[in-house]
Amino acid sequence: MSIYEEELEGREFDWFAIDSEGNIGLFSTAGEGAIPTAVMEAYSEHDKISEQLESPSWGSSEVWSDYAALGLYVYDWSLHGGPYKKERAPSKVMSAELKQKLLSLGSLHSFSVKFAEQKEIVSV
């Protein structure tokens, strides 16, 4: 097990990815979800951004609506064994400031799918 895996094992971790249309998704691991290697190796970058996200409903299932209001597609890992299931689609347009922060992540994972069409993400 790598040092990164040890740091993230069993811990709720949110990471970001971009789809083929330039939309950004937040992926919540529920403490066990699959994480791309590049994201895992740069987990502190993702943590830094996710900690800055406004989420008045943090700690409840309504947090997904908070993230959707920030312009994110939201996927949550299904216990036990996945996959990531779409919880929300964006309800507002993402601010230019947030989009710039996310696009500047060197470890932003890229999917060749359209989040608008994907109810589940099976492989990362």
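The values are calculated or read from the model by the stated rules, or taken from the named source; none is laboratory data. The shown structure was predicted, so the numbers you read here are calculated from the model rather than taken from an experiment. Neighbour counts run over all protein chains shown; Cβ positions are idealised from the backbone, glycine included. When the accessible area is computed, the model is the full protein with side chains, heavy atoms only, and any ligands, DNA or RNA have been set aside. Shrake-Rupley method; radii C 1.70, N 1.55, O 1.52, S 1.80 Å.
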Reported set for the stretch 111-124 where residues are closer than 15 Å to Phe27 by Cα, touching a residue at least 60 places away in the same chain (Cβ under 8 Å) and open to solvent by 80 Å² or more (accessible area, probe 1.4 Å) is Ser123
Filtering the stretch 58-93 down to residues that are farther than 17 Å from Phe13 by Cα, in contact with a helix residue (DSSP H, G or I) (Cβ under 9 Å, 6 or more places away or on another chain) and open to solvent by 30 Å² or more (accessible area, probe 1.4 Å) yields Leu70, Arg88, Ala89, Pro90, Ser91, Lys92
Among the residues of the stretch 94-106, is there at least one that is touching a residue at least 12 places away in the same chain (Cβ under 8 Å), touching a helix residue (DSSP H, G or I) at 6+ places or on another chain (Cβ under 8 Å), closer than 19 Å to Thr29 by Cα and open to solvent by 30 Å² or more (accessible area, probe 1.4 Å)?
-> no
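Condition test on Lys99, is it basic (Lys, Arg), assigned to a strand (DSSP E or B) and at pLDDT 95 or above?
no
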